[in-house]
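A.B. asks: Just passing along the structure, written as structure tokens.
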Amino acid sequence: MRVSPFENCGAVVSDFQLATMTDIELTELRSAFTEHGLLFFRDQQLPPEEHLRFARRFGTIVVNKFFKTTEEHPEIAEVRKEKTQQTNIGSGWHTDHSYDYEPALGSILVARTLPATGGNTHFANLAAAYDALPETLKKRIENLRAVHSNTHLYGENGLYRMTDLADQLGGMDRVGDATHPVVIRHPQSGRKVLYVNPGHTIQFEGWEFAESRELLDELYGHVSQPQFTCSFNWQPGSVTFWDNRCTWHMADNDYQGQMRLMHRITLAGTALAAA
Ligand code: SIN
């Protein structure tokens, strides 16, 4: 197995097949995942059964509350955009499941049907972004907690409900919020990480909305700078495995008239502690 750093975040794992990984390779993969928080794989033979087997070897699966799943495998969520649809899932920066009290550890995304061009996924490195914050800003956020929600997306009148993705979404009654520290100690790496994201973080606990918005926008502007982000170009056989506690991601919607289908398995995490 070879692990090579990729652009400004993550690493490419090569000379390796997820489906036939040995226990020793699994240990190496865990270390690489802790170190980089984002792993890319090419040329994988990973049918849905092997996708599930890899996920179960790495952790415990948690099923997304809103996405459709495949008919055969209710633990595999579909990130689907039909040729006729205009809207895609996840086109803005976000972190999966941060609205849960125990946010997801990570997500394993497998390319199934790709557009001829476009449909890249961008990622941001939240540990590097935290390290590079000015000391004054680190001081300002050190004891804050933030509210993370999904109601504005999946609730009644939520943003996704207003789009042509609405028919694909279930569970309007499953919406909810959770609060987390703004600076967390990553459970495995021990690094300090900035844990807010544009998709789900709506305000700081105990702050006015407008006042929260101003500081959140400053933090979001910092994280989305090119030195903390990268873009992954999918090919048949590509797989990406990201740590939701220390990355953001977003999917380009630049392939109108073409279909894109990805299979996503999300792994359960734990409650997050302040740094
Ligand atoms: C997601 O937000 O999990 C989907 C990312 C993608 O489709 O590239």
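The values are calculated or read from the model by the stated rules, or taken from the named source; none is laboratory data. Keep in mind it's a predicted model, so treat the numbers as computed, not measured. So basically every Cβ, Gly included, is an ideal-geometry build from the backbone, and we count neighbours across all protein chains shown. Accessible surface areas use protein heavy atoms only, side chains included; no ligands, DNA or RNA. Shrake-Rupley method; radii C 1.70, N 1.55, O 1.52, S 1.80 Å.
A.B. asks: Is it true that Ser91 is closer than 25 Å to Glu7 by Cα and open to solvent by 60 Å² or more (accessible area, probe 1.4 Å)?
C.D. replies: When the stated conditions are applied, Ser91 passes them.
A.B. asks: Leu272 is checked against (1) of a type in the set (A, V, I, L, M); (2) touching a helix residue (DSSP H, G or I) at 6+ places or on another chain (Cβ under 8 Å); (3) assigned to a loop (DSSP other than H, G, I, E, B) and fails just one. What number does that condition carry?
C.D. replies: So Leu272 meets the others, but not (2).
Residue by residue, here is whether (1) part of a strand (DSSP E or B); (2) within 11 Å of the ligand (Cβ to nearest atom); (3) open to solvent by 20 Å² or more (accessible area, probe 1.4 Å) holds:
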{"residue": "Gln227", "(1), (2), (3)": "no, no, yes"}
{"residue": "Cys230", "(1), (2), (3)": "yes, no, no"}
{"residue": "Gln235", "(1), (2), (3)": "no, no, yes"}
{"residue": "Met250", "(1), (2), (3)": "yes, yes, yes"}
{"residue": "Gln256", "(1), (2), (3)": "no, no, yes"}
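A.B. asks: Also, I was wondering about something else. Please report, ordered by residue number, the strands (runs of 3 or more DSSP E) entirely within the stretch 6-106 with at least 3 residues that are without any contact (Cβ under 8 Å) to a residue 40 or more places away in the chain.
C.D. replies: The qualifying strands (runs of 3 or more DSSP E) are 11-14.
A.B. asks: While we're here: Taking the stretch 258-270 only, how many residues are surrounded by 13 or more Cβ atoms within 10 Å (Cβ to Cβ) and away from the ligand (no atom under 11 Å from the Cβ)?
C.D. replies: 5
A.B. asks: Sort out which residues of the stretch 60-79 are within 16 Å of the chain's Cα centre (by Cα) and modelled with pLDDT of 95 or more, and write them in order of number.
C.D. replies: Correct list: Ile61, Val62, Ile76, Ala77, Glu78, Val79.
A.B. asks: With the condition kept exactly as written, say whether any residue in the stretch 190-197 is in contact with a strand residue (DSSP E or B) (Cβ under 8 Å, 6 or more places away or on another chain), within 16 Å of the ligand (Cβ to nearest atom), open to solvent by less than 10 Å² (accessible area, probe 1.4 Å) and part of a strand (DSSP E or B).
C.D. replies: no
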